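Have a look at the structure below before the remarks.
The values are calculated or read from the model by the stated rules, or taken from the named source; none is laboratory data. Please read all numbers here as calculations on a predicted model, not as lab measurements. Cβ sites come from the backbone with ideal geometry, for glycine too, and all protein chains shown count toward neighbours. Side chains included, ligands, DNA and RNA excluded: accessible areas come from the protein's heavy atoms. Shrake-Rupley method; radii C 1.70, N 1.55, O 1.52, S 1.80 Å.
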Amino acid sequence: MRFFALTLPGLGPLLRDELTGQFGADAVGDVEHDGRSDVVPFSAGPVEPVETALTEDVFVELGTGDPSAPLRRLVAHLWSAERYDQALPASAPRLGRLGPRPGFRVVARVRSERGFLRTDLRDELTRAVLRERPRWRPADPAPVELWALQTRARRVRLGLRLSDARMRQRAGREVERPGALRPVLAAAMLRLAGPTRAPVLDPCCGSGTIVREALAGGRRAIGADLAVDALAAARANLPAGTALVRADAAALPVASRAVGAVVTNPPFGRQHAQAADPARWLRAAFAEFRRVAEPGGPIVLLHPRSPAFESAVVRPHQALLRSRHHVELLGLRTTIWVFRA
Ligand SMILES: C[S@@+](CC[C@H](N)C(=O)[O-])C[C@H]1O[C@@H](n2cnc3c(N)ncnc32)[C@H](O)[C@@H]1O
């Protein structure tokens, strides 16, 4: 059965690797993009669970079509009640037993509106569904979500959504602080750090997203932050007993070479307690990260390119820089930087 998974723009290649690890290289297609998300198609058994930390949404595919075709022909390639019925075993865990008149909703994303409008595609699909399933009723929110995504110039994919907001937000986060990371981004940073035996340290842990993802992935992890309210949020979001300390990341109460990796998104812009001279603080903090990490241990930072970051971290440590990965977050470009201590 065909599926596709969505993640943040820029994380597609990492998601592709993760899915390849689960389903094998032959089962996973190239990364596509629908204008809002990276999209990775893959094949799996109908009831095989998709265990990925990098996916924000997952769909069972109902059809694909060429958007340069007339709209009705495109829609005939995307939707058929027969293919929907065949996909039901995959969707059973989320949809459960639907009543006789389930609500449904069509979401359409197109990269260009030259041939037809996004709303034309949505409305034509809605009509096609109602022709074959006259008892269904359009609704929002709705248990049945059909997403039509233009992922290439000549390709639209229609999928039945298997996930809901819980996959994106990870159930159980009690407190959202402004600036909290999207969990998939935290998971991507940890994946780039690679396996570690000693604990992972997030010295600017905020509400604890990175620590939480590290623990969920079976690692040991420690969080630190300067702000009392950040530590309170982290404490609410993390299992009781998780190591959390109040400290300035530029002066950590941690022994030298004691952590397997430093994985963090340091403050930038107005988040800085040291806004007056961010470059000076970044220089001191990076020196601290190198001190506490074991030799050769990864230091993975999420930080947008900025003059302060370039002058304090990137230029002086070019020899330690292993890779950089651009990610788009709510339309803003940022970067994951992978250094080795
Ligand atoms: C971008 S936020 C981190 C968000 C976090 N990853 C999350 O998911 O909630 C940056 C954090 O750095 C903290 N911070 C600011 N100055 C700091 C300093 N000098 N030392 C340690 N943490 C600091 C802020 O309190 C804030 O929680």
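Could you say whether any residue in the stretch 199-219 is open to solvent by 40 Å² or more (accessible area, probe 1.4 Å), touching a strand residue (DSSP E or B) at 6+ places or on another chain (Cβ under 6 Å) and without any contact (Cβ under 8 Å) to a residue 60 or more places away in the chain?
Checked against the condition, which is being open to solvent by 40 Å² or more (accessible area, probe 1.4 Å), touching a strand residue (DSSP E or B) at 6+ places or on another chain (Cβ under 6 Å) and without any contact (Cβ under 8 Å) to a residue 60 or more places away in the chain, the stretch 199-219 yields at least one hit.
Residue by residue through the stretch 316-341, note down the ones that are in a strand (DSSP E or B) and without any contact (Cβ under 8 Å) to a residue 40 or more places away in the chain.
LEU321, ARG322, ARG324, LEU332, ARG333, THR334, THR335, TRP337
Take the residues in the stretch 94-121 that are in a loop (DSSP other than H, G, I, E, B) and under 25 Å from the mean Cα position of the chain (by Cα); name whichever of them is modelled with the lowest pLDDT.
Among them, the one singled out is SER112.
Could you pull out the residue among GLY29, GLY45, GLY12, GLY65 that is within 20 Å of GLU328 (Cα to Cα) and out of contact with any Lys or Arg (no Cβ under 7 Å at 6 or more places or on another chain)?
Checking each option against the conditions leaves just GLY12.
Tally the residues that are within 8 Å of the ligand (Cβ to nearest atom) and under 20 Å from VAL259 (Cα atoms), restricting the search to the stretch 220-235.
4
Answer yes if at least one residue in the stretch 185-193 is within 19 Å of THR334 (Cα to Cα), open to solvent by 70 Å² or more (accessible area, probe 1.4 Å) and in contact with a Leu (Cβ under 7 Å, 6 or more places away or on another chain), and no otherwise.
yes
So which pairs qualify, if the first residue must be in the stretch 268-292 and open to solvent by 50 Å² or more (accessible area, probe 1.4 Å), the second must be among the charged types (D, E, K, R) and at pLDDT 90 or above, the Cβ gap must be under 9 Å, and the two must be at least 6 apart or on different chains?
Sorted first by the residue in the stretch 268-292, then by its partner, the pairs are ALA273/ASP248; ARG291/ARG257.
I'd like the full set of residues that are part of a helix (DSSP H, G or I) and farther than 28 Å from LEU95 by Cβ, limited to the stretch 58-78.
ARG73
Among the numbered conditions (1) under 25 Å from THR334 (Cβ atoms); (2) open to solvent by 30 Å² or more (accessible area, probe 1.4 Å); (3) among the aliphatic types (A, V, I, L, M); (4) within 11 Å of the ligand (Cβ to nearest atom), tell me where VAL245 comes up short.
So the condition that VAL245 fails would be (1).
Considering only residues of the stretch 17-32 that are of a type outside the set (A, V, I, L, M) and more than 24 Å from VAL107 (Cα to Cα), which is surrounded by the fewest Cβ atoms within 10 Å (Cβ to Cβ)?
Applying the filter and picking the extreme gives ASP26.
Can you go through PRO295, PRO316 and tell me which one is open to solvent by 20 Å² or more (accessible area, probe 1.4 Å), closer than 27 Å to ALA187 by Cβ and at pLDDT 95 or above?
Being open to solvent by 20 Å² or more (accessible area, probe 1.4 Å), closer than 27 Å to ALA187 by Cβ and at pLDDT 95 or above holds for just one of PRO295, PRO316, which is PRO295.
Kindly check whether there is at least one residue in the stretch 181-199 that is farther than 21 Å from LEU19 by Cα, within 12 Å of the ligand (Cβ to nearest atom) and not aromatic (Phe, Trp, Tyr).
Looking for residues that are farther than 21 Å from LEU19 by Cα, within 12 Å of the ligand (Cβ to nearest atom) and not aromatic (Phe, Trp, Tyr), one finds at least one in the stretch 181-199, hence yes.
Conditions: (1) open to solvent by 10 Å² or more (accessible area, probe 1.4 Å); (2) without any contact (Cβ under 8 Å) to a residue 40 or more places away in the chain; (3) within 16 Å of the ligand (Cβ to nearest atom); (4) among the aliphatic types (A, V, I, L, M). LEU130 meets all but one. Number of the miss?
With respect to (1) open to solvent by 10 Å² or more (accessible area, probe 1.4 Å); (2) without any contact (Cβ under 8 Å) to a residue 40 or more places away in the chain; (3) within 16 Å of the ligand (Cβ to nearest atom); (4) among the aliphatic types (A, V, I, L, M), LEU130 is out only on (3).
Where residues in the stretch 33-76 are among the acidic types (Asp, Glu) and in contact with a helix residue (DSSP H, G or I) (Cβ under 6 Å, 6 or more places away or on another chain), which of them is surrounded by the fewest Cβ atoms within 10 Å (Cβ to Cβ)?
Once the filter is applied, the top-ranked residue is GLU56.
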